[in-house]
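Heads up, the thing below is written out as structure tokens.
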């Protein structure tokens with residue numbers, strides 16, 4: 001199935017795409033990256049989707065606000081009558097509201113970089129973080145972002161969102177230090193004092 005470009009204008013934002021095969025530790029890599037940036041007094045806005053396991057299988061995910069550390073159940077495998085199904089999981093609509101609040105442009109404008117874990121099938125259907133991404137693109141076109149994208153969806157996501165300025169980073173331990181250095185050099189900016197004093 002061919003997915004058309006969803007925006008008439010090309011995306012100006014620089015997007016760092018963290019990727020790897022399923023179970024490769026993309027979120028763990030991103031979490032370590034966030035910690036290293038914090039050590040350098042760089043506080044990212046956005047969220048991580050932390051996965052939990054039961055009997056060697058993913059049972060559910062929680063969204064974690066990177067600034068407040070507030071978290072909410074994002075999705076689970078057990079059916080829920082009012083939740084949309086995506087793949088093997090049922091998505092909590094309250095978590096979508098939570099994520100949209102975290103990605104609100106007034107909030108994200110306070111941070112030097114925005115993190116979204118992840119951009120994938122939901123967004124390619126115009127759901128999930130699609131609207132939040134569109135608003136960031138329109139209102140904060142210079143805001144750099146870090147997205148987690150599944151390996152098999154990279155080209156589709158790049159095409160769909162019209163991304164011209166991007167860097168694909170494999171979620172491997174030997175890439176962490178290099179990625180931190182690259183981000184710091186790219187940002188080359190002071191963190192607003194009300195974020196990390």
(message) Please compute the contact order of segment 17-124 in relative form: average sequence separation of alpha-carbon pairs under 8 Å and at least six residues apart, divided by the residue count, as a percent.
(response) 25
(message) Need one number: % antiparallel among DSSP beta bridges in the chain, to the nearest 5.
(response) 50
(request) Would you mind estimating how fast segment 15-185 diffuses translationally, via Stokes-Einstein at 20 °C and 1.002 mPa s with the Kirkwood radius over Cα pairs, in µm²/s? (result) 131
(message) Which residue fluctuates most in the GNM of the chain (Cα springs below 10 Å): 15, 119, 184?
(response) 184
(message) Of the candidates 62, 78, 70, which one comes out as most mobile in a Gaussian network treatment of the chain with C-alpha springs shorter than 10 Å?
(response) 78
(message) Quick check on segment 33-82: what are the equivalent-ellipsoid semi-axes from the Cα gyration tensor, as sqrt(5λ), descending, whole Å?
(response) 28, 13, 6
(message) With a cut-off of 8 Å between alpha carbons and a minimum separation of six or more residues, what is the relative contact order of the chain in percent?
(response) 35
(message) Tell me whether segment 105-197 comes out rounded, prolate or oblate; compute the Cα gyration tensor, take square roots of the eigenvalues as a ≥ b ≥ c, and use a/c under 1.5 as the rounded threshold.
(response) oblate
(message) Running a GNM on the chain with Cα contacts under 10 Å, which residue among 40, 103, 183 ends up with the highest mean-square fluctuation?
(response) 40
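Taken together, the values in this text are just the output of simple stated rules run on the coordinates, not laboratory data. Since we're looking at a predicted model, the values are computed, not measured.
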